[in-house]
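J.: Please find one structure pasted underneath; my questions will follow.
Please treat every number below as a calculation from the coordinates, not as lab data. Since this is a predicted model, take the numbers as computed values, not measurements. Here the Cβ is made from the backbone with ideal geometry for all residues, glycine too, and neighbour counts use every protein chain on show.
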Amino acid sequence: MTPIAFVQAIVLAYERRGLSAANALAQVQILPAMLNDPAARITAWQMERISGLAMQELDDEALGWFSRRLPWGSYGMLARASLSAPTLGVALKRWCRHHGLIADDIRLSLSVAGDTAMVAIAEQRGLGALREFCLVSVLRNILGVACWLIDSRIPLLGTQFPFSAPPHRKVYDVLFAGPTSFDTPLTALRFDARYLALALRRDERALQQMLERALPLTVLPYRRDRLLVQRVRQALTAHPAKTHGADALAGLLNVSPRTLHRQLKEEGASLQALKDEVRHARAVDLLQRTRRPVKQVAEAAGFQNEKSFMRAFKAWTGQSPAQFRQGRLGPPDDVARSA
């Protein structure tokens with residue numbers, strides 16, 4: 001559900017152009033009285049429709065955010081300029097650079113620190129009463145296009161805004177799934193940097209189809225996650241004691257258990273198979289390199305007890321952990337270091 005505050009911002013854009021939003025409001029069944037109710041909400045369909053009508057009637061895809069209009073087709077031009085990029089990282093850098101050419105009121109940037117990628121917005125001029133709507137929309141736009149380009153959901157590690165939490169704070173949990181903070185130094189969203197290396201999955205024909213219904217990208221979540229299998233492996237490896245069950249693992253990944261199982265199935269994987277893969281590799285590594293007791297190896301590999309570990313290990317290798325260890329090559333690392 002979209003807060004009425006964003007509709008109020010669109011109405012203000014009309015007023016600044018000396019025009020009336022009454023016709024657009026009527027077409028999407030938004031009653032004038034709703035504009036005076038801070039708790040009012042509209043549907044995604046209504047937001048899509050009134051945004052589209054306003055963009056065409058104002059001939060401004062930025063809906064009054066910037067000091068100059070962005071004529072109809074401006075964001076399509078940005079998408080086309082990014083389409084030939086080999087990876088998402090290159091595409092986003094192009095988007096940020098070209099956005100500055102058509103609207104210099106804000107500056108977009110892409111940066112990477114360790115395993116985290118960040119898209120940030122620096123305000124070059126005051127955005128006034130449209131500030132919240134502008135910053136939220138620009139982030140939603142670039143996130144939606146990024147997901148579309150790689151045909152994948154991009155889970156967010158966090159989103160931040162430089163203004164105080166608005167009365168409709170809870171809506172941000174829907175707009176930006178993941179932690180959201182306010183009163184921060186800049187506007188930004190953060191995600192796993194591995195998505196930047198994914199190849200683009202779209203062509204000119206797909207772009208034409210997308211541009212016919214581009215606005216849903218900014219109001220509807222993308223379901224598929226092309227990096228989910230890798231993210232599950234990483235979570236299982238990094239947190240063996242916290243990922244015994246699907247509920248705990250789903251919590252670490254900020255998805256529901258049902259979504260986790262469904263998306264893994266779509267990727268041709270299963271949670272149990274990934275658990276076995278990660279635990280097997282961890283157990284083999286510890287048995288080969290160390291003299292830890294089998295009970296400690298079982299715990300480090302993510303098993304809740306030694307008995308279940310021994311049963312699983314024999315199914316994987318046809319040997320018990322002790323038999324496997326006896327046949328290892330060379331001394332374990334901890335023995336070699338003490339020699």
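J.: Can you bin the range 5-125 into rounded, prolate or oblate? Criterion: square roots of the alpha carbon gyration tensor eigenvalues sorted a ≥ b ≥ c, rounded for a/c under 1.5, prolate for a/b above b/c, oblate for the rest.
T.: On the way: a/c = 2.19, a/b = 1.92, b/c = 1.14.
Note, shape of the range 5-125 comes out prolate.
J.: While we're here: Under a crude label model (7 Å from the Cα following the beta-carbon direction), how far is Ala273 from Asn36 in nanometres?
T.: A separation of 6.1 nm, rounded to one decimal place.
J.: Let me ask something else about it. Taking 0.36 nm per intervening residue step and subtracting the Cα-Cα distance, what contour gain separates Gln27 from Gln56 on full extension? Provide the component values of the computation, followed by the final result.
T.: Details: separation 29, 0.36 × 29 = 10.44 nm, distance 1.39 nm.
Extra length from Gln27 to Gln56 when fully extended: 9.0 nm.
J.: Report, in whole Å, the centroid distance computed from the Cα atoms of the range 249-270 and the range 135-186.
T.: Between the Cα centre of the range 249-270 and that of the range 135-186, the gap is 22 Å.
J.: I've got another one for you. Which helices count as membrane-span-like in the chain under these terms: full DSSP H, at least 20 Å along the axis by C-alpha, Kyte-Doolittle mean of 0.0 or more?
T.: Membrane-span-like by this rule: 88-102, 131-150.
J.: Can you tell me how much longer the chain between Leu211 and Asp151 gets when fully stretched, taken as 0.36 nm per residue apart minus their C-alpha distance, in nm with one decimal?
T.: Working: separation 60, 0.36 × 60 = 21.60 nm, distance 1.53 nm.
Between Leu211 and Asp151, full extension yields 20.1 nm more.
J.: Still on this structure, please answer the following. With the Cα gyration tensor of the range 228-329 in hand, convert its eigenvalues to equivalent ellipsoid semi-axes via √(5λ) and list them largest first in whole Å.
T.: Working: eigenvalues 146, 34, 24 Å².
The three semi-axes for the range 228-329 are 27, 13, 11 Å.
J.: Can I ask one more? With an 8 Å Cα cut-off and a minimum separation of 6 or more residues, compute the relative contact order for the range 26-119 in percent. Intermediate values should be presented prior to the final figure.
T.: On the way: 77 pairs, mean separation 13.6, N = 94.
The value is 14 percent.
J.: Which FRET efficiency value, to the nearest 0.05, do you get for Lys242 and Ala113 by plugging their Cβ-Cβ distance into 1/(1 + (r/R0)^6) with R0 = 22 Å? Let's see the in-between values first.
T.: Details: r = 25 Å, r/R0 = 1.12.
Between Lys242 and Ala113 the formula returns 0.35.
J.: Please check which bits of the range 294-311 a label hung off Gln326 would reach, taking the label as a point 7 Å along Cα-to-C-beta and the cut-off as backbone N under 16 Å.
T.: Within reach of a label on Gln326, which here means backbone N under 16 Å from a point 7 Å along Cα→Cβ, the range 294-311 contributes 294.
J.: Now for a separate question. Gain in length, Thr317 to Lys265, computed as 0.36 nm per residue apart minus the alpha-carbon separation, to one decimal in nm?
T.: Working: separation 52, 0.36 × 52 = 18.72 nm, distance 2.59 nm.
Full extension from Thr317 to Lys265 adds 16.1 nm.
J.: Using DSSP to define loop residues, name the trypsin sites (Lys or Arg not before Pro) in the range 72-181 whose beta-carbon has at most 14 other beta-carbon atoms within 10 Å.
T.: On the way: sites: Arg80, Lys93, Arg94, Arg97, Arg107, Arg125, Arg131, Arg140, Arg153, Arg169, Lys170; in loops: Arg125, Arg153.
Passing sites in the range 72-181 are Arg125.
J.: Moving to a separate point now. Go through Met77, Gly126, Thr187 and say which Cα lies farthest out towards the positive end of the charge dipole of the range 2-219; charges sit on Cβ, +1 for Lys and Arg, -1 for Asp and Glu.
T.: Result: Met77.
J.: Okay, moving on. Summing Lys, Arg as +1 and Asp, Glu as -1, what charge do residues with Cβ under 15 Å from the Cβ of Thr180 carry, Thr180 excluded? Mind showing how you got there, number by number?
T.: Values: positive: Arg140, Arg169, Lys170, Arg190; negative: Glu132, Asp173, Asp183.
Net charge around Thr180: +1.
J.: Of Ser109, Gly52, Gln29, which is farthest on the positive side of the dipole of the range 1-118, counting Cα position, with +1 on Lys and Arg Cβ, -1 on Asp and Glu Cβ, and the Cα centre as origin?
T.: Ser109
J.: Please report, in debye to the nearest 20, how large the charge dipole of the chain is about its Cα centre when each Lys and Arg carries +1 at its beta carbon and each Asp and Glu carries -1 there. Let's see the in-between values first.
T.: Working: 45 positive and 30 negative charges, 278 e Å.
The calculated dipole for the chain is roughly 1340 debye.
J.: Next up: Enumerate the whole-percent occupancy of each 5 Å bin, from 0 to the last occupied one, for all C-alpha pair distances of the range 2-219.
T.: Distribution as computed: 1, 7, 15, 19, 20, 18, 12, 5, 2, 0 percent.
J.: Moving to a separate point now. Restricting to lysines 8 or more places apart or on different chains, can you count the pairs in the chain with Cα atoms under 21 Å from each other?
T.: Number of lysine pairs found: 9.
J.: Report, in deg cm²/dmol and to the nearest 500, the calculated mean residue ellipticity at 222 nm for the chain, where each DSSP H run with n ≥ 4 adds -39500 (n - 2.57) and the sum is divided by the residue count. If you can, show how the numbers build up before the last one.
T.: Numbers: 17 runs with 174 residues, N = 339.
Helices in the chain give a 222 nm mean residue ellipticity of -15000 deg cm²/dmol.
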